[in-house]
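Reviewing the structure listed below.
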C-alpha cells in the first residue's frame, strides 16, 4: 500500500544528504551544489525551499525553488527547478500536487510569481502555469520555454 506524503526538507532535515544525492542522480548537477543550496534553506538564510514526495522512506518525486535555473533572464526569479518524478510513480498526479504545494507554500511566504524553464509543452499549463517567453540556457544551443505561475 502506498503511503505518499509531500514534505518540505525543513520538516525532515536529516534527509538532506539523501535528497542531494537523489537530485544529483536525476539531473547530474553536482551533489555538493544541491547540498549547499539545501543547507541555505535549512539554515533560514533563504525561504526558497526544497520539496519531496515520499513513499514511506523512499523519495519518489521532488523539486526545489532557487534564484535562477541556469538561464539568461536573471530578472525572472525565483525558479522552480529539478522537477522530477520516478518513472514508476508517473501519471498519478504527483507532480501536479507537488507543484501546487510549492506554489501555495511560496505564496504564504509572499513569494509570487514563480518561474520555471522546461521543454515540455502542455504539461505545466494543466497546473496553472502560463508560457511567458523563450530564454537562453547556459551552454545550451537552443532556446527553452519559460513559464510563470501568478
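The values are calculated or read from the model by the stated rules, or taken from the named source; none is laboratory data. Quantities reported herein were computed from a predicted structural model and do not represent experimental measurements. All Cβ positions, even for glycine, are placed from backbone atoms using ideal geometry, and neighbour counts span all protein chains on display.
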Discussion item. If I go through the range 53-85 residue by residue, how many of them are part of a strand (DSSP E or B), out of contact with any strand residue (DSSP E or B) (no Cβ under 8 Å at 6 or more places or on another chain) and in contact (Cβ under 8 Å) with a residue 12 or more places away in the chain?
Written reply: 0
Discussion item. Of all residues being surrounded by fewer than 16 Cβ atoms within 10 Å (Cβ to Cβ) and within 15 Å of the chain's Cα centre (by Cα) in the range 120-150, which is farthest from residue 11 (Cα to Cα)? Just the residue, please.
Written reply: 120
Worksheet item: Looking at the range 19-29, which of its residues are at pLDDT 95 or above and over 24 Å from residue 93 (Cβ atoms)?
Response: 20, 21, 24
Practice prompt. Filter the range 22-36 for residues that are surrounded by 13 or more Cβ atoms within 10 Å (Cβ to Cβ), touching a residue at least 12 places away in the same chain (Cβ under 8 Å) and out of contact with any strand residue (DSSP E or B) (no Cβ under 6 Å at 6 or more places or on another chain) and give the result.
Written response: 29, 34, 35
Item to complete: Would you check which residues across the range 76-89 are closer than 14 Å to residue 4 by Cα, surrounded by 15 or more Cβ atoms within 10 Å (Cβ to Cβ) and over 12 Å from the mean Cα position of the chain (by Cα) and list them?
Response: 86, 89
Fill in: Scope the range 90-99; condition over 11 Å from the mean Cα position of the chain (by Cα) and either free of Cβ contacts under 8 Å to residues at least 60 places away in the same chain or over 18 Å from residue 27 (Cβ atoms) (or both); matching residues
90, 91, 92, 93, 96, 97
